[in-house]
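Shown next, in structure tokens, is the structure this report addresses.
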Amino acid sequence: MSSTPENPTPGTTRIVAGESAKPKRKRTVEIGVAVGLALLIGAGAAVASTVSRTNEAGAAPAAGTAPATELRLGYFGNITHGPALIGVTKGFIAKELGQTKLSTQVFNAGPAAIEALNAGAIDATYIGPNPAINSYVKSKGESISIIAGATAGGAQLVVKPGINSAAGLKGKTLASPQLGGTQDVALRAWLGHQGFKTSTDGSGDVTINPTENAQTLKLFQDGKLDGAWLPEPWASRLVLQAGAKVLVDEKDLWEKGEFVTTVLIVNKTFAAEHPATVQALLKGHVESVDWLNAAPAAEKATVLNDALKAAAGKALPADVIDRSLKNIVFTTDPLAGTYKKLLQDGVDAGTTKQADINGIFDLTALNSVLGESAAGKTISAGGLGKD
């Protein structure tokens with residue numbers, strides 16, 4: 001699970017949420033077990049951390065002055081998590097962390113990653129914006145900070161060829177990666193704007209079954225799903241490997257076609273105790289984004305595919321990689337101006353509550369890192385935090 005420049009890829013533990021395609025009322029036990037495991041892991045980590053700090057208290061520097069001994073980082077095996085895939089695989093993050101050990105965990109969707117972060121099982125994670133917002137709201141601003149953007153674009157509602165309009169979705173069954181995840185919220189909010197009622201228990205005019213992405217592909221191929229709102233590469237996989245068609249490209253729902261798909265967040269307590277480690281993580285992150293935006297297309301596709309195989313267990317066909325990359329933009333800008341709408345979408349979807357999200361961003365370390373680069377640009381928090 002550790003990494004050095006000579007051996008840059010840390011060990012990876014796969015944590016997959018939502019493996020069942022059953023309606024939510026039948027998934028209660030499964031979700032309870034998953035959450036329980038996350039909490040148990042977090043409790044163990046918290047106890048171990050407390051013992052370690054007690055034993056080392058006499059010799060340890062004051063809080064906030066020393067790098068962490070370990071950074072536990074989460075991400076998904078999706079193209080939309082390209083900066084994480086590259087940062088881990090090419091060793092950019094481990095290199096910048098120096099003597100700090102890098103450990104990674106691979107998740108299927110945002111809510112599971114948030115559970116792990118809040119339980120103390122990880123310290124930082126790449127994630128969609130809606131689970132980050134939801135955690136911030138539930139904790140009244142105490143749980144996380146968004147410290148950088150990672151990816152924009154790359155999410156679509158893909159459906160069976162016979163469905164030609166929103167009206168054709170009535171009575172149909174659709175999937176999303178996980179209840180409360182960014183694509184789940186986008187789907188529920190969009191259906192609401194089309195006049196459909198949905199519920200988090202799976203009832204309503206359109207049934208939404210939160211389902212692990214690989215299972216979504218199989219269920220669609222078997223004719224058991226009518227469509228899904230998915231991030232890349234899964235939208236492309238359903239189109240190219242299962243005969244789906246695009247009913248909604250999410251970029252068409254946003255001004256200038258810009259919407260955030262992945263951000264980098266950190267546990268607030270960890271950030272306060274180890275600012276140097278957060279700064280190092282961001283240096284590796286920025287290097288990863290820069291590499292993705294400068295690499296030749298063929299090399300980028302090859303390295304990403306190798307990283308996906310390591311994270312998700314299987315490489316993708318070249319046409320899937322190519323289509324996916326055409327739909328996304330790698331950027332350190334979290335597009336802060338979109339977050340009030342993202343919050344409202346979560347409220348409309350029934351997955352979060354109306355709240356003040358001022359303070360959700362802390363981009364000071366990111367802007368410090370960017371200020372050291374040739375570009376010297378500054379990313380705005382849009383009045384919702386520090387920049």
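The values are calculated or read from the model by the stated rules, or taken from the named source; none is laboratory data. Given the structure is predicted, the values throughout are model-derived calculations rather than measurements. A quick note on method: Cβ atoms are made from the backbone with ideal geometry, for glycine too, and the neighbour counts reach across all protein chains shown. Just so you know, the surface numbers come from the protein's heavy atoms only, side chains and all, with ligands and any DNA or RNA stripped out. Shrake-Rupley method; radii C 1.70, N 1.55, O 1.52, S 1.80 Å.
What the table below lists for this structure:
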item: Residues of region 281-301 satisfying the condition of being of a type outside the set (Gly, Ala, Ser) and surrounded by fewer than 16 Cβ atoms within 10 Å (Cβ to Cβ); result: 293, 296, 299
item: Where a residue in region 201-216 is without any contact (Cβ under 8 Å) to a residue 12 or more places away in the chain and its partner, wherever it lies, is of a type outside the set (Gly, Ala, Ser), with Cβ under 8 Å and at least six apart; result: 204/196; 204/197; 204/198
item: Inter-residue pairs, beta-carbon under 8 Å, first more than 13 Å from residue 120 (Cβ to Cβ) and assigned to a helix (DSSP H, G or I) and in region 264-284, second open to solvent by 50 Å² or more (accessible area, probe 1.4 Å) and among the basic types (Lys, Arg), 6+ apart; result: 284/95
item: Residue selected from region 268-280 under the condition surrounded by 22 or more Cβ atoms within 10 Å (Cβ to Cβ) and out of contact with any helix residue (DSSP H, G or I) (no Cβ under 6 Å at 6 or more places or on another chain), by the criterion nearest to residue 327 (Cα to Cα); result: 277
item: Some residue of region 310-323 being open to solvent by 70 Å² or more (accessible area, probe 1.4 Å), part of a helix (DSSP H, G or I), touching a residue at least 40 places away in the same chain (Cβ under 8 Å) and more than 23 Å from residue 178 (Cα to Cα); result: yes
item: Failed condition for residue 202, given (1) at positive phi; (2) crowded, with 24+ Cβ neighbours inside 10 Å; result: (2)
item: Among the residues listed as 157, 179, 187, 174, the single one being buried (at least 23 other Cβ atoms within 10 Å of the Cβ) and part of a loop (DSSP other than H, G, I, E, B); result: 179
item: Residue check for residue 343: more than 18 Å from the chain's Cα centre (by Cα) and aliphatic (A, V, I, L, M); result: no
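A quick yes/no check of all residues on (1) open to solvent by 50 Å² or more (accessible area, probe 1.4 Å); (2) touching a helix residue (DSSP H, G or I) at 6+ places or on another chain (Cβ under 6 Å); (3) of a type in the set (D, E, K, R):
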| residue | (1), (2), (3) |
| --- | --- |
| 334 | no, no, no |
| 338 | no, no, no |
| 341 | yes, no, yes |
| 349 | no, yes, no |
| 358 | yes, no, no |
| 377 | yes, yes, yes |
